[in-house]
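I have placed the structure first, in the form of structure tokens, so that the comments after it can refer back to it.
The values are calculated or read from the model by the stated rules, or taken from the named source; none is laboratory data. None of these values were measured; they are calculated from a predicted model. Because the Cβ atoms are built from the backbone with ideal geometry, glycine has one as well, and the counts that use them run over all protein chains shown. Each accessible area value is taken on the protein alone, full model and side chains, heavy atoms only, with ligands, DNA and RNA left out. Shrake-Rupley method; radii C 1.70, N 1.55, O 1.52, S 1.80 Å.
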Amino acid sequence: MNMTSQLTDERRTELKAQYPEVFHQDPVKKFRPIAIVAALMAYLVACFFFFNIPQVFSDAKWDRAGLYMADWVSWQAQPKIRFRDDGIELQYPRFSPLGENPNPDWVTANDARDAFRVDFGDGNFIVVHEGLVEIKKGGQRYDVVITDDAALLPENATSEFEERNGRVKLSFGFAGNIEIRNTQVRVWRRFWGWENFFFDPGSAYWGMNGFEVIGMIAAGPQIEEGQSNLSVAINDFLYNAEWQHADVFVKLLQTIVMAFVGTLFAAILAFPLAFIAARNITRSNTANWLMKRSFDFLRSVDMLIWALFFTRSFGPGPIAGIAAIFFTDTGTLGKLYSEALENVDDKQREGVKSLGASPVEVQRFGVVPQVLPLFASQALYFWESNTRSATIIGAVGAGGIGLKLLEAMRTGTDWENVGYMVILILIVVFVFDNISNHLRSKLIGEEAR
């Protein structure tokens with residue numbers, strides 16, 4: 001039963017007069033949430049058309065994006081079949097992942113070696129003859145005729161074929177793709193996994209499985225005089241020519257050191273400067289203003305810009321990265337520290353001061369114990385965050401694994417190396433994140449979550 005129906009008109013009038021904000025709500029406040037949601041939706045719609053999102057999605061090469069992602073977890077062999085005056089010739093790159101004398105089962109030649117067949121799986125293959133490339137894909141045959149000037153598009157070619165400047169290209173999906181020219185047929189054959197991850201073709205352990213490697217280390221004949229088989233295996237792994245594990249580990253360590261040293265120096269310098277910036281500590285408006293504007297300048301210039309500046313000054317290397325982190329974090333930590341100081345409990349300061357302590361002792365015993373756990377917690381968070389940031393600034397020449405990552409991306413063929421380094425970075429960030437969270441929780445007296 002509605003209790004308001006039992007109220008008299010006089011009582012209703014009295015309640016409305018007593019609580020006008022309940023019975024006479026401001027229309028602006030009433031419709032404010034709806035207006036905010038409507039404005040946000042209008043903004044998103046405007047951005048959708050301003051950035052021409054429909055056109056971007058329609059022009060996107062989704063198949064290529066998938067292949068780029070596949071490159072992270074796969075490797076490619078790249079044989080070439082050249083057209084010579086005296087016939088056709090099969091060639092492999094000088095540093096092929098298949099070794100010095102490759103003989104893969106997916107490339108075969110007839111007895112006369114005047115035709116080579118390359119299999120792409122699922123019944124798809126190509127057969128290269130002199131003057132003709134026979135293609136079998138999806139159960140359909142296509143013939144590409146080779147002239148002196150160009151490779152000609154098959155008469156029954158579908159939209160999967162691409163012809164440009166006398167070259168015919170065709171993709172077999174994840175299995176690979178081909179490019180046919182008047183002088184050669186280039187093949188990119190893709191396979192799952194990271195080929196030669198542990199040992200390159202120059203190692204005595206190349207081609208062995210895990211059990212064979214363990215057996216060779218434990219009881220096999222000595223590979224190199226004066227060295228144990230274990231030391232040879234470790235050396236071959238670290239100095240793998242294709243994966244360069246030792247160099248990657250060194251660059252990763254440089255990134256970690258850059259983040260740690262840069263953050264440490266910034267926290268050490270920001271600590272005393274924050275006392276100058278805090279209005280309740282230093283009673284000088286001029287000193288407060290100048291210090292806070294200095295913090296604003298240091299943190300307003302992005303870390304990437306500082307990295308470019310110091311790379312020009314000191315040259316490429318970790319020193320530039322440390323300096324970039326140091327400058328940026330000095331400004332940010334100084335601002336955070338000074339704000340924390342301005343919000344300390346003055347009762348503790350007054351208590352220490354009443355005992356006859358000097359101004360320095362007042363800050364040491366009345367202020368520092370209040371803010372030190374917070375300062376350390378914030379420094380730990382920035383150390384964790386800078387582990388990621390150091391990777392980015394390394395890409396512009398500040399050293400570390402970021403530069404190594406950029407070099408691998410520039411080649412356009414070493415995406416599996418990119419995937420490897422990204423996984424290492426993720427592991428380091430995960431470990432440092434957990435360490436930082438644990439230490440911060442201890443400092444602020446909370447249990448680790």
If we sort 38-48, 250-260, 226-236 on the protection proxy, mean other Cβ atoms within 10 Å, highest first, what's the order? 250-260, 226-236, 38-48
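Can you tell me the length gained on complete extension of the stretch residue 427 to residue 140, counting 0.36 nm per residue apart and subtracting the Cα distance? Each step should come with its number before you reach the end.
On the way: separation 287, 0.36 × 287 = 103.32 nm, distance 4.65 nm.
Here the answer is 98.7 nm.
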Full-extension gain in nm, residue 78 to residue 35, via 0.36 nm per residue minus C-alpha separation: 9.5 nm
By average C-beta atoms within 10 angstrom, highest first, the peptides 115-123, 322-330: 322-330, 115-123
Can you work out the FRET efficiency for the pair residue 313 and residue 346, with r the C-beta to C-beta distance and R0 = 56 Å, to the nearest 0.05? 0.80
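Of 335/442; 251/335; 169/251; 61/136, which sit over 30 Å apart, Cα to Cα?
Details: 335/442 24 Å; 251/335 32 Å; 169/251 38 Å; 61/136 25 Å.
Check vs 30 Å cut-off fails for 251/335; 169/251.
Per the helix-only calculation at 222 nm, which mean residue ellipticity applies to the chain, given -39500 (n - 2.57) for every DSSP H run of n ≥ 4 and division by its residues, nearest 500 deg cm²/dmol? Mind showing how you got there, number by number?
Values: 16 runs with 243 residues, N = 449.
Only helices count here, giving -18000 deg cm²/dmol.
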At a Cα cut-off below 18 Å, give the aspartates and glutamates reachable from residue 137, other chains included and same-chain residues fewer than 8 away excluded. 63, 119, 122, 155, 160, 162, 163, 179
Reachable aspartates and glutamates from residue 404, Cα under 15 Å, same-chain residues fewer than 8 places away excluded? 242, 247, 414, 416
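Given R₀ = 35 Å, what would the calculated FRET efficiency be for residue 249 paired with residue 442, taking r from the Cβ atoms and rounding to 0.05?
Details: r = 30 Å, r/R0 = 0.85.
Approximately 0.75, to the nearest 0.05.
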Residue 282 long-range amide H proximity, modeled H, under 5 Å: none
The answer for residue 176, listing residues at least 5 apart or on another chain whose modeled amide H is closer than 5 Å to its amide H, is 190
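Hey, what's the chain come to in accessible area per residue, 1.4 Å probe, Å²? List each step's numbers first, then the result.
Numbers: 27020 Å² over 449 residues.
Value for the chain: 60 Å² per residue.
Take the Cα radius of gyration of the range 154-265 and divide it by 2.2 N^0.38 Å, with N its residue count; two decimals is plenty.
1.71
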By per-residue mean of other Cβ atoms within 10 Å, what is the highest-first order of 268-277, 427-436? 268-277, 427-436
Given springs between every Cα pair under 10 Å in a Gaussian network model of the chain, which of 181, 84, 312 has the largest fluctuation? 84
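Can you check what the Kirkwood hydrodynamic radius comes to for the chain, Cα pairs only, in Å to one decimal? Write down the numbers at each step before the final one.
Values: mean 1/r = 0.0343 Å⁻¹.
By the Kirkwood definition, the hydrodynamic radius is 29.1 Å.
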Please list the non-local residues whose amide H lies under 5 Å from the amide H of residue 116, H modeled 1.01 Å from N, same-chain partners needing a gap of 5 or more. 128
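Could you pull out every whole DSSP H run in the chain that spans at least 27 Å of Cα extent along its own axis and averages 0.0 or higher on the Kyte-Doolittle scale?
Values: long enough: 27-50 (33 Å, 1.54); 245-277 (47 Å, 1.83); 318-341 (33 Å, 0.83); 368-393 (35 Å, 0.47); 415-443 (41 Å, 0.98).
Helices meeting the span and hydropathy rule in the chain are 27-50, 245-277, 318-341, 368-393, 415-443.
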